[in-house]
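The values are calculated or read from the model by the stated rules, or taken from the named source; none is laboratory data. Predicted model only: the values in this text are computed from it and were never measured. When we count neighbours, we look across all protein chains shown, and the Cβ atoms used for this are built from the backbone with ideal geometry, even at glycine.
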């Protein structure tokens, strides 16, 4: 007997509501087939079957609230599943029942499925198809690329054969475990693909007028409480299903409309003023990528939630630069990686965080969670936007290990190969605007973290030292922090300790 339990729901999320069961007791299920959908405060989470068999028991019904790892259902692996062994059971989003017969005599039909997208990520946008219907592909050859909130995910061919049908065209929104297309395994000819004449059916196509779409139970209750009709709410769930957050958005919009006398809350984006026709003809409108939408949302959430304040200092980089110049060739020869300045800053921050642990902590409700470790986020600019891969246990690493890890994560970020796990769990972040020439800026917190250090351009400036004016390579440092947990004294102390460690790197070796 295989148990189906509630998966991990994401950071700080401990419970969810059963939105929809797509299977009932007695149904035959295949491995990884979607059984039900859970709804949290932020996202919807699909629960796949962990084994093939027959769904023998449903423990948690639709509308029930369940915690992480709670038992949802049981699957009898020993039951007769021969009826479902040949054709893959259709998911609610599948729109074609004839795909199993597409291959004919040329080979078995194979579904091209959406892979696992990462923790708490339930949907993606089809960015690009690299193959078209009728193309012959090799096993593991890249077929298409999906774009999630954080990373790009490549979808390889599950077998060698011929693409016979594409169900989700570029631009379509697909769910984890959904079907992207169908292919015929083996050396099939292109002629086998010709009957598939309906590639225009996409995963996010509107449902037929007569189709009955079951809305999330929590959404129904909230619509009733707010007095909203179904046609007043736009559903963003599977097949247009209305989720709880859709009702909240609709309720906010309807409440804001008549509020002429009371001050209205600031909108997420200011409506555009009318544009003259001659200017509109020269404009280009491009839809924001999921990554850019997520960056915008999280930065605004950070400003709205944290009591953010920034303190500044400057550091004389002479000692660090001389040390790097003296040992960089020997360092690269021994460790196989270049010695950069980022490892100096990571070590200096780890050193300072030990003395000022508030900057490495986070707020959870009415509690302060202190981290007895340092998972250092290092902001990396990519062609699609800013991402923050995490160097885990940076406080236990040496200069060489830090440089190797940063180099590896940076390359993976620029290639769009980072996984969700590699960008989660950071306790503090460093952002280097100096690589772009920034002289001074105020970085925005990366929630739920309480601190972020901004590095800037190294610039020679005249400095008064021991009564003499000398030219020194100087860098401005900026620490943005959450004033709810970090006091001004702690923030200034942290920045001074970073400055001291960089101006005299020997302090790092002696833990001073």
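If only residues of region 478-494 that are in contact (Cβ under 8 Å) with a residue 24 or more places away in the chain and over 28 Å from the mean Cα position of the chain (by Cα) are counted, the one that is nearest to residue 364 (Cα to Cα) is 487. You will find that of 65, 14, the residue that is out of contact with any helix residue (DSSP H, G or I) (no Cβ under 8 Å at 6 or more places or on another chain), closer than 21 Å to residue 421 by Cα and assigned by TED's automatic domain parsing to the domain that holds residue 79 is 14 and no other.
The set of residues from region 495-512 being surrounded by fewer than 20 Cβ atoms within 10 Å (Cβ to Cβ) and either in a helix (DSSP H, G or I) or touching a residue at least 60 places away in the same chain (Cβ under 8 Å) (or both) comprises 496, 499, 500, 503, 504, 505, 506, 507, 508, 509, 510, 511.
When you look at residue 337, is it within 22 Å of the chain's Cα centre (by Cα), part of a loop (DSSP other than H, G, I, E, B) and assigned by TED's automatic domain parsing to the domain that holds residue 316, yes or no? No, not satisfied.
Of all the residues in region 384-407, those that are in a loop (DSSP other than H, G, I, E, B) and closer than 17 Å to residue 337 by Cβ number 3. Restricting 65, 8, 17 to residues that are buried (at least 16 other Cβ atoms within 10 Å of the Cβ) and closer than 28 Å to residue 425 by Cβ narrows the list to 17.
Restricting 155, 133, 182 to those that are touching a strand residue (DSSP E or B) at 6+ places or on another chain (Cβ under 7 Å), surrounded by fewer than 23 Cβ atoms within 10 Å (Cβ to Cβ) and more than 21 Å from residue 416 (Cβ to Cβ) reduces the list to 133. Looking at the structure I just gave you, is residue 418 outside any helix (DSSP H, G or I), surrounded by fewer than 20 Cβ atoms within 10 Å (Cβ to Cβ) and not assigned by TED's automatic domain parsing to the domain that holds residue 155? In short, no. Considering only residues in region 36-63 that are part of a loop (DSSP other than H, G, I, E, B) and modelled with pLDDT under 85, the one that is nearest to residue 1 (Cα to Cα) turns out to be 63. Across region 458-471, the number of residues qualifying as in contact with a helix residue (DSSP H, G or I) (Cβ under 7 Å, 6 or more places away or on another chain) and surrounded by fewer than 15 Cβ atoms within 10 Å (Cβ to Cβ) comes to 0. Annotation: of all residues in region 418-445 being at pLDDT below 85 and in contact with a helix residue (DSSP H, G or I) (Cβ under 8 Å, 6 or more places away or on another chain), the one that is farthest from residue 369 (Cα to Cα) is 418.
The residues of region 41-61 that are buried (at least 16 other Cβ atoms within 10 Å of the Cβ) and in contact (Cβ under 8 Å) with a residue 60 or more places away in the chain, listed by number, are 43, 44, 45, 46, 48. Just one of (1) modelled with pLDDT of 90 or more; (2) part of a helix (DSSP H, G or I) fails for residue 410. It is (1).
For region 301-319, taking the residues that are within 35 Å of the chain's Cα centre (by Cα) and assigned to a helix (DSSP H, G or I), the one that is farthest from residue 395 (Cα to Cα) is identified as 304. Of all residues in region 438-457, none satisfies being in a loop (DSSP other than H, G, I, E, B), in the same structural domain as residue 346 (by TED's automatic domain parsing), surrounded by fewer than 17 Cβ atoms within 10 Å (Cβ to Cβ) and out of contact with any strand residue (DSSP E or B) (no Cβ under 9 Å at 6 or more places or on another chain).
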